[in-house]
Amino acid sequence: MNKTIIIIGGSTGIGKALVEEAAKEPSNKIFAFARKDDLMRDNFQVLTNVSTYHLDLEFFDEKKISEIIANIRSIDILINNAGYLVKNSFNKLSHKDFLKSYQINVIGIMQFVQAAIPKMNPNGSHIVNISSMGGFQGSVKFPGLTAYSTSKAALCSFTELFAEEYKDSGIKMNCLCLGAVQTEMLEEAFPGFKAPHSPEEIASFIYSFAATQGDFMNGKIIPVSQSTP
Ligand SMILES: NC(=O)c1ccc[n+]([C@@H]2O[C@H](COP(=O)([O-])OP(=O)(O)OC[C@H]3O[C@@H](n4cnc5c(N)ncnc54)[C@H](OP(=O)(O)O)[C@@H]3O)[C@@H](O)[C@H]2O)c1
């Protein structure tokens, strides 16, 4: 309630559902970032508490993002939901595939967090990284996802390192490793697979986690999956 919330990757799938979930509370202010800013503008035009901005994590523009963030008073929640998946057998993954996966899934996220730190609410704010079960140590792995899943594992590691470095500040960071959710990304990776959750269902969980759990945990990597391991 009455939170300022940034959602990265707010244009499609889980991110779109997250923006809509957060916007249900009229006193929240939501800032949504993604490359498809026209799509976000169209989708969210009826949501008066949502503003949309162009962001390409592959070519992170520090000056532009810092200028946008400078106009935000104080950030309570930052959800790093953007992600890029390339699927190919290990031998066929190119250098560009590796670079792009790491730049979007972890380096760009770290750059965005650096830009956001000055405006994170020092009296209690929560950064939530959206990783994948594929990046969770000991989980079942799938062929073709080396670039994607190793970059998501790096995002998990970033969570622990940031939490250690900022443990005496009011900023907490946790990481949710999602299992399958019915989105375009899942359909590309596993055509025909029926996921147990819709984007709306998982968005409701992520939003509630982001809004309530920063006071209770920090630097945690949480598998959000009903399967074991
Ligand atoms: N669906 C699943 O089963 C599943 C499972 C585990 C984890 N996840 C994670 O959940 C998150 C959301 O995925 P999704 O399934 O909802 O897929 P999606 O519909 O493809 O959404 C991906 C989001 O990331 C944004 N994005 C991609 N490249 C970007 C870039 N260069 N710069 C800025 N934003 C970029 C996209 O926006 P633009 O294209 O407009 O830039 C979009 O909003 C991802 O981090 C994904 O890895 C999903």
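Miscellaneous remarks
- Proximal aspartates and glutamates relative to Lys64, as straight alpha-carbon distance under 20 Å, when same-chain residues fewer than 8 apart are discounted: Asp37, Asp38, Asp56
- Rg/Rg_ref, region 178-226, where Rg_ref = 2.2 N^0.38 Å and atoms are Cα: 1.33
- Acute angle (nearest 10 degrees) that the helix 146-165 long axis makes with the longest principal axis of the chain, alpha-carbon atoms: 40 degrees
- Theoretical FRET efficiency, 1/(1+(r/R0)^6), r = Cβ-Cβ of Glu160 and Gln111, R0 25 Å, to 0.05: 0.85
- For Lys87, the aspartates and glutamates whose Cα comes closer than 18 Å to its Cα, not counting residues fewer than 8 places off in the same chain, are Glu58, Asp97, Glu184, Glu187, Glu188.
- Across region 3-26, the residues whose backbone nitrogen lies under 20 Å from the label position 7 Å along the beta-carbon direction of Asn49 are 3-11, 15-26.
- Taking every C-alpha pair closer than 8 Å and separated by at least 6 residues, the mean separation divided by the residue count of the chain gives a relative contact order of 21 percent.
- The chain: calculated mean residue ellipticity at 222 nm from DSSP helix runs of at least 4, using -39500 (n - 2.57): -11000 deg cm²/dmol
- Each eigenvalue of the Cα gyration tensor of the chain, multiplied by 5 and square-rooted, gives one semi-axis; in descending order these are 26, 19, 18 Å.
- Pairwise FRET efficiency - Thr150 versus Asn121, Cβ, R0 = 45 Å, nearest 0.05: 0.90
- Exposed loop sites here are chymotrypsin sites (Phe, Trp or Tyr not before Pro) assigned a DSSP state other than H, G, I, E or B and surrounded by at most 16 other beta carbons within 10 Å; excluding them, the longest clear run of the chain is 1-192.
- Region 145-229 - percent relative contact order, Cα under 8 Å, separation 6 or more: 42 percent
- Of the beta bridges in the chain, as assigned by DSSP with both residues counted there, near 0 percent are antiparallel.
- Between 0 and 90°, nearest 10: helix 13-23 axis offset from the chain longest Cα axis: 20 degrees
- Cross-linked pairs Lys96/Lys152; Lys16/Lys100; Lys141/Lys194: no Cα-Cα separation exceeds 24 Å.
- Note, ³J(HN,Hα) from phi for region 135-145, Karplus 6.51, -1.76, 1.60, rounded to Hz, x at Gly and Pro: x, 9, 4, x, 7, 4, 10, 10, x, x, 10
- Between region 11-54 and region 95-147, the alpha-carbon centres lie 20 Å apart.
- Relative to the longest principal axis of the Cα atoms of the chain, helix 199-212 runs at roughly 50 degrees.
Only the coordinates and a few stated rules stand behind these numbers; no lab work does. Small disclaimer: the values here were computed from a predicted structure and weren't measured. Neighbour counts are summed over all protein chains in view; Cβ atoms, including those assigned to glycine, are modelled from backbone coordinates with ideal geometry.
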